[in-house]
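The values are calculated or read from the model by the stated rules, or taken from the named source; none is laboratory data. None of these values were measured; they are calculated from a predicted model. Here Cβ is always computed from backbone atoms with ideal geometry, including for glycine, and neighbour counts include all displayed protein chains.
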């Protein structure tokens, strides 16, 4: 699986989730703490608004990793429903025509998600900001969960 997800951001957040995983959070901008603790959301807080894009793959190549500019932010990810939707705010299952929203078709399962900042050359070549790799695993119990979405500037600090 490989797909690019483009999103016009106006809330300084960019994350992937499935609306059925967090129905009680509808109307909030940021994902609730319990969604992060359970590995239902991956993403970043941003320094500003504008169009952003992430390339999602479950089979990273040497060329992919040659384009990264930092060590990744690592997330536990529990994909329960399949598609993960790119969004900048929490919304209820009835808020959008979800099957037609921007999404990555990810098979249900447990993953270690690694979110990388792309180098300047990588961003230009790929026409996106980040690379998200998904490694399917038997358990995510040993992967620390985030208390809050990390900030995209955190990626620049871990080069």
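List of remarks:
One line per residue, one yes/no per condition, for (1) at pLDDT 95 or above; (2) surrounded by fewer than 16 Cβ atoms within 10 Å (Cβ to Cβ); (3) under 13 Å from residue 148 (Cα atoms):
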| position | (1), (2), (3) |
| --- | --- |
| 32 | no, yes, yes |
| 35 | no, no, yes |
| 38 | no, no, yes |
| 51 | no, yes, no |
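- Tally of residues being touching a residue at least 40 places away in the same chain (Cβ under 8 Å), outside any loop (DSSP other than H, G, I, E, B) and either surrounded by fewer than 20 Cβ atoms within 10 Å (Cβ to Cβ) or in contact with a helix residue (DSSP H, G or I) (Cβ under 7 Å, 6 or more places away or on another chain) (or both) across segment 77-102: 4
- Screening segment 103-126 for residues that are free of Cβ contacts under 8 Å to residues at least 60 places away in the same chain and part of a helix (DSSP H, G or I) and picking the one that is surrounded by the most Cβ atoms within 10 Å (Cβ to Cβ) gives 122.
- Qualifying residue in segment 67-84 (condition: under 19 Å from residue 19 (Cβ atoms), in contact with a strand residue (DSSP E or B) (Cβ under 6 Å, 6 or more places away or on another chain) and modelled with pLDDT under 95): yes
- Some residue of segment 67-75 being over 24 Å from residue 148 (Cβ atoms), over 16 Å from the mean Cα position of the chain (by Cα) and either in a loop (DSSP other than H, G, I, E, B) or touching a residue at least 40 places away in the same chain (Cβ under 8 Å) (or both): yes
- Residue check for residue 5: touching a helix residue (DSSP H, G or I) at 6+ places or on another chain (Cβ under 8 Å), part of a strand (DSSP E or B) and under 21 Å from residue 155 (Cβ atoms): no
- Residue list for segment 127-155, filter: surrounded by fewer than 18 Cβ atoms within 10 Å (Cβ to Cβ), outside any loop (DSSP other than H, G, I, E, B) and in contact (Cβ under 8 Å) with a residue 40 or more places away in the chain: 135, 136, 151, 153, 154
- From the list 91, 63, the lone residue that is more than 18 Å from residue 149 (Cα to Cα) and over 15 Å from the mean Cα position of the chain (by Cα) is 63.
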